[in-house]
Amino acid sequence: MENMLQWGLDFIRCVQSFASPPFSSALTVFMKIITNFGGGLMFMILLPFIYWCIDEKKGLRIDVAVLLSAWINIALKFLFDQPRPFDLDPSLGMISERMGGLPSGHAQNTLVLFMIAASWIKGIIPQGRALHPPHQTCGSMRLPQQSAYQRYDGTFGTHSFPLSLDHARASGEPQVRVAISLRSSIKENKSKIAGVCAVSVAAFLCLLIGFSRIYLGVHFPTDVLAGWILGGAILCGYFLLGDKIEALLVKGGFRAGMITSAVVSFLLIIYVPNEEILMAGRNMLGMGTGYCLNRRYVGFKSSLVFERTGFVKYLTLSARLLLGITGFMLIFTALGKLLPQNTDNSNLFGFIRFALAGFWVSVAAPWIFVKLRLAGTEKKNDE
């Protein structure tokens, strides 16, 4: 172990030696900025942004994955209690960190966050375009609604009516078959390209953040590698089991969701070597119960913006984020002032503080968005 740590120290010295004047200061500032992309503040902004402005269901899933990743990481840090590079050689430390260094939380958690987000990008490219409004009329007869992405412009006499792709293919017209095949191929290629680009960008950011941790002298290369391995294992669990677990919870309804949130939160606070590890359980309780309450009583749907499009739509989403983050910071700061710190009950008060912050993100802020007409609602789940 000592030989590996010594090799790590030598590697960090080698990396830092490339930062020669006059570029050393600029490179160090750049690395400090990059490393903050994997810090707590970034997660506090990005995760609510996903929940409020992109997709609340995906927001909850990625939040749960990141919280579990953070809990595993902190637990292992205390289990291994490995010193950081600056503990062995203070001259290497350009910033300071608490707790042990193995595994790297920045490397692990950013891999989980960015790769899950990148996996959604393929869904952004639509698989086709509607050529008619949802309903068309043929004379005095109202024709049934077709799928938004399975419509083709066909004509019959003087009346225009929608044809499904299957119907168009069955017609046997060569022009129709060629057009459909070409359009499908273009959309599929665009989707694949977007997915590859998203994964490539996510991988590059993960590599850059991991390198910044080594350069700044807060992690050995083995710490970063261990973080990536753990993050990869968590990603495998997410992609293999995520849909199945969600299906079971949806089938169980409101009670199953509330009970699961409470049980998982309780399990995450059994092992308490330090206050920081309570963060995952606190937020899990607030986010999980709040999401269930939203589905049952509020019905907030992040993608519904009252038919607003273009600039107005993005202005509305920006207003959501600004209002939500402001409320989050006010609640978090106010509770920090009101609830006593450094007392025998500080862990309990901290638990309440973080749980209420998660509750704000998942149901209180969405309720305000709906009331201010910054968001629409879907059919509420009364199960």
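Here are a few things to note about the model shown:
- Test for LEU317: is it closer than 21 Å to VAL363 by Cα and touching a Cys at 6+ places or on another chain (Cβ under 9 Å): yes
- The sole residue among ARG84, ARG13, ARG98, ARG61 that is over 26 Å from ALA203 (Cβ atoms) and modelled with pLDDT of 90 or more is ARG13.
- Number of residues in segment 247-294 that are among the charged types (D, E, K, R) and either surrounded by 14 or more Cβ atoms within 10 Å (Cβ to Cβ) or touching a Gly at 6+ places or on another chain (Cβ under 9 Å) (or both): the value is 3.
- Considering residues of segment 285-342 that are in contact with a Ser or Thr (Cβ under 7 Å, 6 or more places away or on another chain) and among the small types (Gly, Ala, Ser) only, the residue farthest from GLY253 (Cα to Cα): GLY286
- Residues (at pLDDT 80 or above and either at positive phi or surrounded by fewer than 18 Cβ atoms within 10 Å (Cβ to Cβ) (or both)) located in segment 176-202: ILE193, ALA194, VAL196, CYS197, VAL199, SER200, VAL201
- Within the option set LEU205, LEU304, being in contact with a strand residue (DSSP E or B) (Cβ under 9 Å, 6 or more places away or on another chain) and open to solvent by 40 Å² or more (accessible area, probe 1.4 Å) holds for one residue only, LEU304.
- Spans of helices (runs of 4 or more DSSP H) in segment 1-112 with at least 1 residues over 30 Å from MET329 (Cα atoms) and open to solvent by 20 Å² or more (accessible area, probe 1.4 Å): 2-17, 24-36, 56-80, 85-88
- Enumeration of residues in segment 25-67 that are basic (Lys, Arg) and out of contact with any Phe, Trp or Tyr (no Cβ under 9 Å at 6 or more places or on another chain): LYS32
- Among the residues of segment 335-372, those identified as farther than 30 Å from LEU304 by Cα, assigned to a helix (DSSP H, G or I) and of a type in the set (A, V, I, L, M) are LEU335, LEU338, LEU348, ILE352.
- The selection criterion, being of a type outside the set (Phe, Trp, Tyr), at pLDDT 85 or above, assigned to a helix (DSSP H, G or I) and open to solvent by less than 20 Å² (accessible area, probe 1.4 Å), does not hold for MET329.
- Among the candidates GLY310, GLY299, the residue that is free of Cβ contacts under 8 Å to residues at least 12 places away in the same chain and small (Gly, Ala, Ser) is uniquely GLY310.
The values are calculated or read from the model by the stated rules, or taken from the named source; none is laboratory data. The structure displayed is predicted, hence computed values, not measured ones. Don't worry about glycine lacking a Cβ; one is built from the backbone with ideal geometry, like all the others, and counts go over all protein chains shown. The protein model used for the area step is the full one, side chains on, heavy atoms only, and it has no ligands, DNA or RNA in it. Shrake-Rupley method; radii C 1.70, N 1.55, O 1.52, S 1.80 Å.
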